[in-house]
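Chemist: This is the structure I want to talk about, given as structure tokens.
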Amino acid sequence: MPKVKTKKSLSKRFKITKKKKVIKRSTGQDHFNARESGKQKRNKKSDSAMSGKDAANIRHLLPYN
């Protein structure tokens, strides 16, 4: 059976935990953060777990995790 290629763009954006949960970093924290409230900035720092079919598709595209 041939090797399966890992989608490198997804491997940089998502992490898979030991229990196979897919973790993603929230978007929009690169720049223009000075105008936002502290609550918005704080919430952008946290990671979130993806659920359902989206997570299953990402796990399929990251085969060796």
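Computed from the coordinates by the stated procedures, all read-outs in this text should not be read as laboratory data. Note that the structure is predicted; figures quoted are calculated from it, not measured. All Cβ positions, even for glycine, are placed from backbone atoms using ideal geometry, and neighbour counts span all protein chains on display.
Chemist: Mind listing whichever residues of region 12-65 are part of a strand (DSSP E or B), surrounded by fewer than 11 Cβ atoms within 10 Å (Cβ to Cβ) and among the small types (G, A, S)? Step through it out loud before you land on a result.
Modeler: Going residue by residue through region 12-65, those that are part of a strand (DSSP E or B) are 14-16, 22-25, 47-50.
Filter once more, so that each one left must be surrounded by fewer than 11 Cβ atoms within 10 Å (Cβ to Cβ): 47, 49.
A49, the sole residue that qualifies.
Chemist: Here is a list: D30, D47, D54. Which entry is touching a strand residue (DSSP E or B) at 6+ places or on another chain (Cβ under 6 Å) and acidic (D, E)? Spell out the reasoning first.
Modeler: Details: D30 fails: touching a strand residue (DSSP E or B) at 6+ places or on another chain (Cβ under 6 Å); D54 fails: touching a strand residue (DSSP E or B) at 6+ places or on another chain (Cβ under 6 Å).
After applying the criteria, what remains is D47.
Chemist: List pairs: first in region 5-31 and within 25 Å of N43 (Cβ to Cβ), second of a type in the set (D, E), Cβ under 7 Å, 6+ apart or cross-chain?
Modeler: Pairs found: I23/D47; K24/D47; R25/D47.
Chemist: For region 1-30, what are the residues that are farther than 16 Å from N65 by Cβ and over 19 Å from the mean Cα position of the chain (by Cα)?
Modeler: Once the filter is applied, which keeps residues that are farther than 16 Å from N65 by Cβ and over 19 Å from the mean Cα position of the chain (by Cα), region 1-30 yields M1, P2.
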